[in-house]
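Trainee: Structure in structure tokens, see below.
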Amino acid sequence: MTDREYMQRAIDLAVKGCGHTSPNPMVGAVIVKDDKIVSEGYHEKYGEYHAERNALSKCGWKAPGATMYVTLEPCCHHGKQPPCTDAVKESGVTKVVIGSRDPNPLVSGKGVQILRDAGIEVVTDFMREECDAINYVFFHYISTGLPYVVSKYAMTMDGKIATRTGASKWITGEEARQRVQEDRNRYSGIMAGIGTVLADDPLLTCRIPGGKDPVRIICDTNLRIPEGSQIVQTAKDTETIIACASDDQSKKDALTSKGCTVLDIPKKDDHIDLNVLMQKLGDMKIDSVYIEGGGQLHWSALEAGIVNRVQAYIAPKIFGGADAPTPVRGIGCDVPANGFLLTSPSVTRYGDDILLESEVIKCSQE
């Protein structure tokens with residue numbers, strides 16, 4: 001096997017932790033000696049051993065003189081676990097090949113220097129682009145303290161998210177809907193507006209075997225959510241946050257008694273201030289938010305400048321209808337120059353449906 005194959009194996013291991021490591025990054029490690037993989041490991045769950053220690057714990061006497069391939073710079077500070085640099089130094093590994101640099105100020109560059117000071121050969125930035133790609137959420141969160149936000153919707157080829165009667169199940173096919181479930185597992189939180197809750201009474205859970213339910217976040221300015229809704233009735237089983245700007249203490253108490261966390265958020269333009277909400281979610285260690293709302297919430301999120309990525313699932317269907325809802329509503333932009341600019345588009349096919357993804361680079365209010 002080649003160096004690239006060893007690092008690719010480490011990347012493949014890292015993504016096995018998807019949905020379970022946040023707010024920590026996904027990391028994989030492979031230990032090679034005499035041109036053979038002698039051990040490997042990955043960060044399996046937040047609070048548990050990191051990839052390097054998992055790999056070394058299974059390596060034993062084979063570690064001295066070996067090379068470690070790791071997707072992210074080893075940590076050098078005490079958190080939930082002791083420094084991985086200590087374990088690497090004590091193991092006898094003589095070379096470490098690193099993919100991504102850790103932007104965490106507690107680690108950045110320090111992990112590499114500690115290993116080099118210990119006489120270990122260190123190669124940095126090896127397959128960095130590929131390694132960086134798996135941890136875009138972590139890099140954003142550790143740098144800003146704010147969740148990475150994905151705005152997702154499914155629409156027909158004529159841009160409709162429902163028919164003129166409001167019917168929307170199902171626009172896309174099973175393969176596309178399965179990918180959505182995988183993203184519910186990937187991201188820490190899932191956000192919807194009160195309009196979606198009132199119209200659809202959704203559960204907003206992850207429906208894949210072994211998947212992790214995201215924290216449900218409902219934007220409900222005037223606290224209209226019914227106590228009998230599925231969201232409220234299952235709040236003791238699935239973490240649920242209701243973000244509001246209401247003075248109705250009795251309703252807040254009732255929701256709290258059913259397991260909901262009620263966040264008081266100030267208003268901005270008659271709706272909760274999404275920027276303040278993101279700050280609070282970041283403080284709660286929610287590092288990413290998957291928006292599955294209606295057209296108003298998507299517009300409000302874009303207008304607030306909180307969206308990092310847009311996912312548009314496009315189905316080969318035509319609904320038509322001047323009054324059929326579209327994915328982004330609100331007041332809209334006044335002139336094309338004030339539109340929201342996107343970049344780095346990627347296209348993936350799921351059955352007959354297409355997923356178009358782009359990063360947001362400019363908001364109309366800037």
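The values are calculated or read from the model by the stated rules, or taken from the named source; none is laboratory data. Computed from a predicted structure; not experimentally measured. Here the Cβ positions follow ideal geometry from the backbone for every residue, glycine too, while neighbour counts run over all protein chains shown. These area figures cover heavy atoms from the full protein model, side chains too; ligands, DNA and RNA do not enter into them. Shrake-Rupley method; radii C 1.70, N 1.55, O 1.52, S 1.80 Å.
Trainee: For the chain, what are the per-bin percents of Cα-Cα distances with bins 20 Å wide, up to the bin holding the maximum?
Mentor: In order of increasing distance, the bins hold 27, 50, 21, 1 percent.
Trainee: Can you work out ³J(HN,Hα) from phi for every residue in region 5-11, in order, using Karplus 6.51 cos²θ - 1.76 cosθ + 1.60 and θ = phi - 60°, giving whole Hz and x for Gly and Pro?
Mentor: Result, ordered by residue: 5, 5, 5, 4, 5, 4, 5 Hz.
Trainee: Let me ask something additional. Kindly write out, for region 42-57 in residue order, the coupling ³J(HN,Hα) from the Karplus curve 6.51 cos²θ - 1.76 cosθ + 1.60 (θ = phi - 60°), rounded to whole Hz, with x marking Gly and Pro.
Mentor: 8, 6, 8, 7, 3, x, 9, 3, 7, 4, 4, 5, 4, 5, 5, 5
Trainee: Among the aspartates and glutamates, which have Cα under 15 Å from the Cα of LYS236 when same-chain residues fewer than 8 positions away are ignored?
Mentor: ASP213, GLU227, ASP253
Trainee: How many angstrom lie between the Cα centre of region 230-305 and the Cα centre of region 17-56?
Mentor: Result: 34 Å between the Cα centres.
Trainee: Under a 1.4 angstrom probe, counting protein chains only, how are ASP34, ASP132 ranked by accessible area, largest first?
Mentor: Ranked from most to least accessible, the order is ASP34, ASP132.
Trainee: Would you list GLU303, GLU129 from the most to the least accessible area, probe 1.4 Å?
Mentor: Ranked from most to least accessible, the order is GLU129, GLU303.
Trainee: Please give, to one decimal in nm, the separation of the simple spin-label points placed at ASN338 and ASP200, each 7 Å out from Cα toward the Cβ.
Mentor: The modelled label-to-label distance comes out at 3.0 nm.
Trainee: Along the three principal axes, how long is region 145-298 when you take its alpha carbons, biggest first, rounded to the nearest angstrom?
Mentor: 43, 36, 30
Trainee: Next up: Rounded to the nearest 10 Å², what accessible area does LEU106 have for a 1.4 Å probe in the complete protein model?
Mentor: The accessible area comes out at roughly 100 Å².
Trainee: Sticking with this one: Relative contact order of region 238-342, please, whole-number percent, based on alpha carbon pairs below 8 angstrom and at least 6 residues apart.
Mentor: Over region 238-342, the number comes to 21 percent.
Trainee: Another question, then. Once the Cβ-Cβ distance between THR124 and ALA254 is put in as r, and R0 is 45 Å, what FRET efficiency do you end up with, to the nearest 0.05?
Mentor: So the FRET efficiency works out to roughly 0.25.
Trainee: Moving on. Find the relative contact order for region 170-256 and round it to a whole percent, using C-alpha pairs within less than 8 Å whose residues are 6+ positions apart.
Mentor: Value for region 170-256: 27 percent.
Trainee: Each residue of region 270-280 in turn: what ³J(HN,Hα) in whole Hz from Karplus with 6.51, -1.76, 1.60 and θ = phi - 60°, glycine and Pro shown as x?
Mentor: 3J(HN,Hα) across region 270-280, in whole Hz: 6, 10, 4, 6, 5, 5, 5, 4, 4, 4, 5.
Trainee: Also, I was wondering about something else. Given a 1.4 Å probe and heavy atoms of the protein chains only, how would you sort TRP170, TRP299, TRP61, largest accessible area at the top?
Mentor: Highest to lowest solvent-accessible surface, that is TRP61, TRP170, TRP299.
Trainee: How high is the relative contact order of the chain, in percent, counting Cα pairs under 8 Å that sit 6 or more residues apart?
Mentor: In percent, rounded to a whole number, it is 15.
Trainee: According to the square roots a ≥ b ≥ c of the eigenvalues of the Cα gyration tensor, what is the shape class of region 3-53, taking rounded for a/c under 1.5, prolate for a/b larger than b/c otherwise, and oblate for the remainder?
Mentor: In terms of gyration-tensor shape, prolate.
Trainee: Ok, one more. Which FRET efficiency value, to the nearest 0.05, is calculated for GLU182 and LYS58 with the Förster distance at 30 angstrom and r the Cβ-Cβ distance?
Mentor: It comes out at approximately 0.60.
Trainee: Does region 233-294 come out rounded, prolate or oblate by the C-alpha gyration tensor, with a ≥ b ≥ c the root eigenvalues, rounded set by a/c under 1.5 and, if not, prolate when a/b is larger than b/c and oblate if not?
Mentor: oblate
Trainee: Distances over 18 Å make up what percent of all Cα-Cα pairs in region 289-366?
Mentor: 49
Trainee: While we're here: At a probe size of 1.4 Å, how large is the accessible area of ARG186, to the nearest 10 Å²?
Mentor: Estimated to the nearest 10 Å², ARG186 gives 90 Å².
Trainee: Would you mind computing, in nm to one decimal, how far apart the modelled labels at ASP34 and TYR46 are, each placed 7 Å from Cα along Cα→Cβ?
Mentor: With each label placed 7 Å out from Cα toward Cβ, I get 4.2 nm.
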